[in-house]
Amino acid sequence: ADNLKLTRSESDHHTKTMRSVLQLLNSLHVMVSTLMSPTKSTDIGAIKKSINIFLSCTHRACHFVYGQGDKMWASKGNFLSLLNLPKQIELYGPVRWYWEGSAEAHIHEIKPHLVENLRKTPSYFVAKLSLIFKRKLVAWLRKTRDTDSDNTEETYRQSKGFYRYAEIDDLRAKLGEALPVSAFQLKGYPGVWAALGNTRDTVEIVALKFIYADIKEYCGMPFFKTHLAENSKASVNKKKLLEAIDFHLILFPFICGQGLVARNNTWHFEGRFALIYEDWDILTTSGKSIPS
């Protein structure tokens with residue numbers, strides 16, 4: 001406030017505005033994690049609560065940012081449609097089971113088949129969707145028939161199960177430059193591990209260590225001081241590694257201040273990362289859990 005030469009009232013408004021935006025981001029993360037987590041995706045009570053809190057935080061943040069609470073969400077159907085999710089989940093199951101094709105743009109393939117208005121009977125939509133998927137199946141069969149068998153096998157081969165960095169220098173550079181890092185947890189082994197190398201049957205792994213006593217919380221997300229434990233580097237059999245992986249996860253760096261604008265010499269990265277698991281849980285000081 002002193003640097004910006006704001007009056008006390010302006011300073012208080014700025015503080016409340018920033019707090020409301022942080023609460024909005026925090027509630028958004030909790031809502032998405034609750035909807036996508038295997039342990040919470042059918043808990044209707046928790047889902048209703050997280051949606052209501054998020055919408056309340058959205059309304060409050062809009063009030064401080066725009067001067068009126070319904071400036072942003074009132075004209076957007078996506079916000080209001082969140083209220084339908086609990087009933088929809090009761091009828092059709094968790095959101096994590098839904099599928100929109102290969103991308104959200106899949107709707108563009110369906111719209112041309114839905115002529116006139118959409119006030120039709122359920123049988124109309126069943127017939128239309130059946131027609132669409134029959135055509136897609138025929139198109140896929142033609143493509144498979146006309147494509148070289150080797151290419152088809154390559155297209156549909158199973159996932160490798162984890163990402164590998166070429167060398168430990170590449171992983172060290174990712175950590176130092178505040179970039180996301182792909183990692184995994186192993187059954188029966190503490191910490192988080194990353195894979196290295198490009199050989200066919202063996203994989204080098206190295207551990208990433210965290211200082212649990214030195215965390216910084218932002219928007220409800222704990223960020224841990226992280227370093228590469230190079231002395232833990234070891235070679236393992238690829239097949240055995242796939243069997244030993246318990247969870248996949250992503251490390252996200254804590255970036256603020258000058259780092260949001262330009263990463264130059266004036267910005268110092270503290271080496272803090274948040275860990276988000278494949279099931280939307282996060283790493284906290286008490287272990288793996290859903291965000292709150």
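Restricting attention to the range 50-100 and to residues that are among the basic types (K, R) and under 20 Å from L22 (Cα atoms), the residue that is most open to solvent (accessible area, probe 1.4 Å) turns out to be K71. Of all residues in the range 266-284, those that are outside any strand (DSSP E or B) have Cβ atoms under 8 Å from Cβ atoms of residues that are crowded, with 18+ Cβ neighbours inside 10 Å and among the small types (G, A, S), 6 or more apart or on another chain, in F269/A178; D279/S37; W280/S33; W280/S37; D281/S33; D281/S37.
For first residues located in the range 230-259 and polar (S, T, N, Q), partners that are loosely packed, with under 15 Cβ neighbours inside 10 Å and lie 6+ apart or on another chain with Cβ distances below 8 Å form the pairs S235/T202; N237/D201; N237/T202; Q258/N264; Q258/T266.
Condition check: in contact with a Pro (Cβ under 8 Å, 6 or more places away or on another chain), modelled with pLDDT of 90 or more and either within 20 Å of S289 (Cβ to Cβ) or open to solvent by 60 Å² or more (accessible area, probe 1.4 Å) (or both). Does I47 satisfy that? Taking the combined requirement at face value, the residue satisfies it.
Please verify whether the range 205-225 includes one or more residues that are farther than 26 Å from M31 by Cα, in a helix (DSSP H, G or I) and either touching a helix residue (DSSP H, G or I) at 6+ places or on another chain (Cβ under 8 Å) or of a type in the set (K, R) (or both). Scanning the range 205-225, I find no residue that is farther than 26 Å from M31 by Cα, in a helix (DSSP H, G or I) and either touching a helix residue (DSSP H, G or I) at 6+ places or on another chain (Cβ under 8 Å) or of a type in the set (K, R) (or both), so the answer is no. If only residues of the range 177-204 that are in a loop (DSSP other than H, G, I, E, B) and acidic (D, E) are counted, the one that is surrounded by the fewest Cβ atoms within 10 Å (Cβ to Cβ) is D201. Consider the range 226-241 and keep the residues that are touching a strand residue (DSSP E or B) at 6+ places or on another chain (Cβ under 8 Å) and not in a strand (DSSP E or B). The one that is most open to solvent (accessible area, probe 1.4 Å) is K238.
The values are calculated or read from the model by the stated rules, or taken from the named source; none is laboratory data. Bear in mind that the values here come from a model prediction, so they are computed numbers and not experimental data. Methodologically, a virtual Cβ is constructed for each residue, glycine included, from the backbone with ideal geometry; neighbour enumeration extends over all protein chains shown. Heads up: the accessible areas ignore ligands, DNA and RNA and are worked out on the full protein's heavy atoms, side chains in. Shrake-Rupley method; radii C 1.70, N 1.55, O 1.52, S 1.80 Å.
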